[in-house]
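Right, one structure below, let's go through it.
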Amino acid sequence: MKTIGITADHAGYEMKELLRPMLLEMGYNVRDFGTNSTASVDYPDFAHQLANALEMKQVKAGIALCGTGNGMAITLNKHQHVRAGLAWNVQVATLIRLHNDANICVLPARFIDENEAKEIVKAFLETEFEGGRHTCRVEKISINGELKVEN
Ligand code: RB5
């Protein structure tokens, strides 16, 4: 059974609580990295926990939520093996799997409703990477570009 990690800051907390039972109903094990209330917290504290668990192969994929999704996405993508995609609708959620082989789906909790959140997560989890022409593009993501500094 696949284990999915989920995390949120205070802005995404209520939507995280809504999504966790849906993931269980879908047959996933769920590892919840918090936060556990609407009290204000710092999203990097939660993003790094999920990213570390993914890099240590403790979770197969992840769901992350904050107000715009950007704080989570920016932080998660600091990790070499994370490909976090910001998904604000089903089509984008599908494309971050098909084209980018995203392993974490980030939701902008303050800009989508509960039903949209559920459909986005379902699309993300039920879509496979397309491969083909996208394979070398995804491989190139993890190669550090040569830094050229002109004096
Ligand atoms: C919290 O107010 C908000 O800044 C945070 O959830 C997120 O949108 C940051 O990117």
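I'd like the distance separating the alpha-carbon centroids of the range 83-125 and the range 39-79, in whole Å.
The distance from the Cα centre of the range 83-125 to that of the range 39-79 comes to 14 Å.
If I histogram all Cα-Cα distances within the range 40-110 using bins 5 Å wide from 0, what percent of pairs lands in each bin?
4, 19, 31, 25, 15, 5, 1
Taking the chain as a Gaussian network, Cα atoms linked when under 10 Å apart, which of ALA11, ALA39, ALA109 shows the biggest mean-square fluctuation?
Of the options given, ALA39 has the highest mean-square fluctuation.
When we measure straight from the Cα of LYS16, which aspartates and glutamates land under 19 angstrom away, once same-chain ones fewer than 8 places off are left out?
Cross-link targets: GLU25, ASP32, ASP42, ASP45, ASP113, GLU114, GLU116, GLU119, GLU126.
In deg cm²/dmol, rounded to 500, what helix-only [θ] at 222 nm does the chain give when every DSSP H run of at least 4 residues adds -39500 (n - 2.57) and the total is split over its residues? Walk me through the numbers on the way to the answer.
Details: 6 runs with 64 residues, N = 151.
Using -39500 (n - 2.57) per qualifying helix, the result is -12500 deg cm²/dmol.
With the alpha-carbon atoms as the only input, what is the per residue convex hull volume for the chain in Å³? It would help to have the intermediate numbers written out before the result.
Working: hull volume 18.8 nm³, N = 151.
Residue-normalised Cα hull volume stands at 125 Å³.
Angle between the Cα long axis of helix 13-25 and the longest principal axis of the chain, 0 to 90 degrees, nearest 10?
With rounding to tens, the tilt is 90 degrees.
On a 20 Å Cα-Cα criterion, which of the cross-link pairs LYS118/LYS140; LYS78/LYS118; LYS60/LYS122; LYS78/LYS140; LYS2/LYS78; LYS78/LYS122 come out too long?
On the way: LYS118/LYS140 31 Å; LYS78/LYS118 26 Å; LYS60/LYS122 15 Å; LYS78/LYS140 16 Å; LYS2/LYS78 24 Å; LYS78/LYS122 25 Å.
Beyond 20 Å between Cα atoms: LYS118/LYS140; LYS78/LYS118; LYS2/LYS78; LYS78/LYS122.
Taking the Cα centre of the chain as the origin and placing charges on Cβ (Lys, Arg +1; Asp, Glu -1), which of PHE129, MET26, GLN91 is farthest toward the positive end of the dipole?
PHE129
Give the angle, between 0 and 90 degrees and rounded to the nearest 10, that separates the Cα long axis of helix 43-55 from the longest principal axis of the Cα atoms of the chain.
With both axes taken from Cα atoms, the answer is about 70 degrees.
Which of GLY34, GLY132, GLY67 moves the most in a Gaussian network model of the chain with Cα springs under 10 Å?
GLY132
Each reported figure results from applying straightforward, stated rules to the coordinates on display, with no laboratory input. Remember, it's a predicted structure, so these values are computed and weren't measured experimentally. Methodologically, a virtual Cβ is constructed for each residue, glycine included, from the backbone with ideal geometry; neighbour enumeration extends over all protein chains shown.
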